[in-house]
Structures are given as structure tokens and as C-alpha cells.
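The values are calculated or read from the model by the stated rules, or taken from the named source; none is laboratory data. This is a predicted model, so every value here is computed, not measured. Every residue, glycine as well, gets a Cβ built from its backbone with ideal geometry; the counts of neighbours run over all protein chains shown. To get the accessible areas, we keep the full protein, side chains included, count just its heavy atoms, and leave off ligands, DNA and RNA. Shrake-Rupley method; radii C 1.70, N 1.55, O 1.52, S 1.80 Å.
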Amino acid sequence: MPTADLRLEYSGALDSAVGATHGMSTAEIDAEAGRVRNVVAEIEAERANGQHRYRELPKDSRMVALVRAAVRRFRPGAENLVVLGIGGSALGNTALQTALNPWTHNLLPTATRRGPRLFVLDNVDPTQIGAMLDYLSPALKKTVFNVISKSGETAETAAQFLIIRDLLARRLGKAGLAKRLIVTTDPAGGILRDIVTREKYANLPVPDGVGGRFSVLSAVGLFSAAMCGINVTRLLAGAAAMSRRAAQPDPRKNPAAMLALLLVGFYARGKRLHVMMPYSQQLRDLADWYRQLWAESLGKRDDLSGRTVMTGPTPIRALGATDQHSQVQLYRDGPNDKVFIFLEVERFARDVKIPRAAGTPAELAYLQGGTLGKLLNAEKRATEYALTANERPCLTIRFPRVDEHTVGQFLMLWEAATTIAGRLLNVNPYDQPAVQLGKDMTYALLGRRGFEAQARELQAALKQRGRHEV
Ligand code: PA5
């Protein structure tokens, strides 16, 4: 049975909660609603013409069938699953796993785990990958490697792939390598697709028109999720339900539109830091996933008419209650330049009672007989109150419970809100031109053919700058 809908509460962002200087009035929201309606209508019309393809992923039954077939092939006997990828080809995998499987998943014995242990690399740190190789080396025959790269040429993923391919080929031979490897990449082009075609590796497509950070609901996120026992049908049903809400023109019925309206509205009022603070360990990595989506999609130098605007909110991940003891001092008393987006869970999948015990000091009596869930939610409400008391606007996204259906809603909520926010900011949310220079200079430093001019440019710049250190 699907759980109830995710809800966005914005009372803590209104002038009635945080005052007229820092809050938005309902009249201001109404004034913006007309523009947002038009934007939503435009986006829906564009969907009919094949744009915003991530919105169609929840109904892509062919993709689900391909993922299920791959799981049937790779799951038997798999004790470990390693995702080789980075950014949009990794963050969603981690977020789904930590939201929907127990915190202890990788530590559980095979019989109680819902699938293989999952390791998502998302980096090329030699100590991290060296340690993983040491750990997995004796168990290669029970390990599946899923290389994910939409472009098929990301340096970090390519390096991870070359290391694993060499290891598997040396230890298990060509046939053993093919049994342990599945590649998720562009269906038509790219270096990785060429390798897959040549070597006949098992593979899954990243659908055309779906960019990395919008791809979690495609084979990119679904394969590792399904391998690890997550119900992808319910995940997609949740996403589809949110997609329907996100098609409603009226922001009062459309949480994605309301989210975009409020956050872009606050950005325009100088609240440029958007802090997502889940009060749930399970939801922490969803906030990491949001960080990439919001930053890479909205942080742009040029707007759609080519004007230099250098726009974009800075997303920040915090965690309740942990960061009450780390960040909240700043959040409450420091610059009033932030909007807070709390994630709250109404009913935790399980709760832990705080026992009564004879001899407990009277000062701790308030905790006794309660539960950790009650404590965590009280802390959320108290922190929100403390922030609003200092005129800091707060939103809450409320999960009736954390399960596949609500997590699917959450993913689609933010993806749809990002598209709308992009339109309100007049930027292209689907490109990332600013990451290219760093990639090119990495190629130049490593001597990639064709990047000789960049290598000279970099050396000249470093020489001119000199070296100053203490
Ligand atoms: O959102 C994006 O497009 C990027 O963050 C990519 O996901 C990231 O750079 C990895 O790219 P690829 O999947 O092509 O290896």
C-alpha cells in the first residue's frame, strides 16, 4: 500500500512567522503565482514535445524490464556490488541505499541482508580505492562491478574502470571479467559504449535526453537499488505521483512549483544559501544528492539570453540533530542570508524506547519513557522555532514515513522544482559549462593528446603567479 503524500509546509517562511523583512507574505506569493503558472504550463507543453525527459522515467517500463533482467543475471551469488562512477552517476545510488536499507546493511550477514553489500566509489582517492581492492580481492568471484558514465569519458570513472578491468582480467580471465561487469552508459555514443560493443559487456542504457544529475530514476540508480532489495516499482510509483502533482499549474496544488517559487523568491531577497537539514540519518544522503542537483543546475554565469548574470543559490547539507551542536549557532546568530529546508519524518520505520531506570537523576526524567523518534522530532520543532524566532525563514518537507514511495516523490519533487527554478532564474538547468575547464586542465596535466595548448597555458599561469607559501 503506498503511503500518503509528501507535504511541503511553508508557514515558517511567511512574514507571520519571521516578520516582513525576512518573510514572504501570502500576497507576494499570490503575485508570483501567475508567473509560475505560466512556467509550469510551458514546461508541460515542452514535455509533450520530448523535452524534460527525466519526467517520463517513472513510466519507462522497458527500462524497468532491462534492469530486472540484469538483476536476475547478476544477483545470484553476489556478495558485493561496487558502483564505479562519480557525481550524478553515483550520488543517487548512495542516497537510495542509505534511505531505504538499514544503516548497517553492509555489516549484516548474507542471510539477513536484502542484497549484496554496496560500495559507491564517487572518487579516485587512492587510499579509499586501495582499501577497497584489499577488501574485495579475495572475493572477486562474488563481486559485481557496475560502471556508470553517461558520457563514457569521465576521467575518474575511466580510471576506476581501467583498474577493475585489469584486476578482473588478470585474476578471472576474459570470461570471468565479462561475468562480473555491467556497464551503464549512453545507448549510442561515447568511449565506454564503443568498449561495450567491442567487448560485448553486459550493459544498460542511460536514456537519451536525461542528464547525470537527473538520472537517478533511470538504470543509473535503479540497478544498484534493485540488486540491494529496494522495490523499484514503488519508487517509480512515488515519482509518478509527484510528477502528476508537478504538472498542476497552481503552485498551491503543486509542491515543486511552490518550492521553486519560494526558493527563487528568497534568493532574490538575498537569501542565497539554501540549507537542507534532514532530521533523519536515513535522509542525509538525499540532501547530498540535492546539493549537486541544485548547485550544478542553477549556478550559471550566463542566462538564456546570453547576459552575464552569475546567478545561483548555494545549497548546503546539514543534519539534525548532529549539526545543532556544530552549525546552528551560526545559522541562528550569523548573517541572515539562508533559507532552511527541514526534512521531517512523521513515523520512523522503527523507534527506540528510552528506558525508565531506578536511580536516574531527576534532571533526566523528561527523557525516560519517551522514544528517540519523539526526541528527534521535538528537536526539529524546537530548532525551527529558534530559527524563526531570529527571523530565519524555514520550510519543512514532511515524510509520512521513509519508504520507496515517499523517496520516489522526493526525488521527483526536487527534479521538477529545479526545472521550474531554472526557468524562473532564466538559466539552462541541464548544462554545466563551468566544469569543463577543470576537466581540460586535468587532461593537460596528465598529458592527454590534443591538450598541449592548455598545458602550456596552465604552466604559464602558474609561472606568472609564482609560489608563495609559509
Ligand atoms: O550531472 C551531471 O551531468 C554530472 O554531474 C555528471 O553526472 C558527472 O560529471 C558524471 O558524468 P558521467 O556520467 O558522464 O560520467
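Key figures
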read-out	value
All positions within region 127-185 that are within 16 Å of the ligand (Cβ to nearest atom), polar (S, T, N, Q) and open to solvent by 40 Å² or more (accessible area, probe 1.4 Å)	Ser151
Residues being over 30 Å from Leu273 (Cβ atoms) and not basic (Lys, Arg) - total across region 315-361	10
Where a residue in region 421-435 is more than 19 Å from Leu259 (Cα to Cα) and its partner, wherever it lies, is away from the ligand (no atom under 16 Å from the Cβ), with Cβ under 7 Å and at least six apart	Ala434/Arg301
Residues located in region 68-120, provided they are within 16 Å of the ligand (Cβ to nearest atom) and touching a Leu at 6+ places or on another chain (Cβ under 6 Å)	Leu84, Ala95
Tally, over region 9-39, of residues that are in contact (Cβ under 8 Å) with a residue 40 or more places away in the chain, surrounded by fewer than 17 Cβ atoms within 10 Å (Cβ to Cβ) and touching a strand residue (DSSP E or B) at 6+ places or on another chain (Cβ under 8 Å)	1
Where Gly77 falls short, out of the listed (1) over 27 Å from the mean Cα position of the chain (by Cα); (2) open to solvent by less than 40 Å² (accessible area, probe 1.4 Å); (3) under 30 Å from Ile164 (Cβ atoms)	(2)
Exclusive hit being exposed (fewer than 15 other Cβ atoms within 10 Å of the Cβ) and farther than 24 Å from Leu96 by Cβ, set Lys353, Lys338	Lys353
Test result for Val407, surrounded by 14 or more Cβ atoms within 10 Å (Cβ to Cβ) and closer than 28 Å to Gln329 by Cα	no
Residue match in region 219-229 (condition: assigned by TED's automatic domain parsing to the domain that holds Pro102, more than 12 Å from the ligand (Cβ to nearest atom) and in contact with a strand residue (DSSP E or B) (Cβ under 8 Å, 6 or more places away or on another chain))	no
Condition met for Ala382 (under 15 Å from Leu273 (Cβ atoms), open to solvent by less than 80 Å² (accessible area, probe 1.4 Å) and modelled with pLDDT of 95 or more)	no
Residue within region 422-434 that is in contact with a Lys or Arg (Cβ under 8 Å, 6 or more places away or on another chain), surrounded by fewer than 18 Cβ atoms within 10 Å (Cβ to Cβ), small (Gly, Ala, Ser) and under 22 Å from Leu293 (Cα atoms) present	yes
Answer residue from region 186-207, given it is in contact with an Asp or Glu (Cβ under 8 Å, 6 or more places away or on another chain) and away from the ligand (no atom under 13 Å from the Cβ) and is most open to solvent (accessible area, probe 1.4 Å) among those	Ala188
Unmet requirement for Arg234, which otherwise passes all of (1) out of contact with any Asp or Glu (no Cβ under 7 Å at 6 or more places or on another chain); (2) surrounded by 19 or more Cβ atoms within 10 Å (Cβ to Cβ)	(1)
Test: residue in region 335-345 that is over 24 Å from the mean Cα position of the chain (by Cα) and modelled with pLDDT of 95 or more	yes
Selection within region 15-58 - in contact with a Ser or Thr (Cβ under 7 Å, 6 or more places away or on another chain) and among the aliphatic types (A, V, I, L, M)	Ala17, Val18, Ile43, Leu57
Wholly within region 357-470, helices (runs of 4 or more DSSP H) carrying at least 3 residues that are within 21 Å of the chain's Cα centre (by Cα)	404-425
Residues of region 105-126 that turn out to be surrounded by fewer than 11 Cβ atoms within 10 Å (Cβ to Cβ) and small (Gly, Ala, Ser), as a count	1
Restricting region 57-74 to residues that are of a type in the set (Lys, Arg) and closer than 30 Å to Ser137 by Cα, the residue that is surrounded by the most Cβ atoms within 10 Å (Cβ to Cβ)	Arg68
Search result, residues across region 293-325 that are open to solvent by 10 Å² or more (accessible area, probe 1.4 Å), farther than 28 Å from Tyr385 by Cβ and in contact with a strand residue (DSSP E or B) (Cβ under 8 Å, 6 or more places away or on another chain)	Ala295, Gly299, Lys300, Arg301, Asp302, Asp303, Thr308, Val309, Met310, Thr311, Gly312
Matching residues in region 40-56 - criterion: being closer than 25 Å to Leu343 by Cα and either open to solvent by 50 Å² or more (accessible area, probe 1.4 Å) or assigned by TED's automatic domain parsing to the domain that holds Ala417 (or both)	Val40
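Conditions tested, residue by residue: (1) modelled with pLDDT under 95; (2) more than 15 Å from Leu424 (Cα to Cα); (3) of a type in the set (Phe, Trp, Tyr); (4) not in a strand (DSSP E or B).
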residue	(1), (2), (3), (4)
Ser305	no, no, no, yes
Val309	no, no, no, no
Leu319	no, yes, no, yes
Gln324	no, yes, no, yes
Tyr331	no, yes, yes, yes
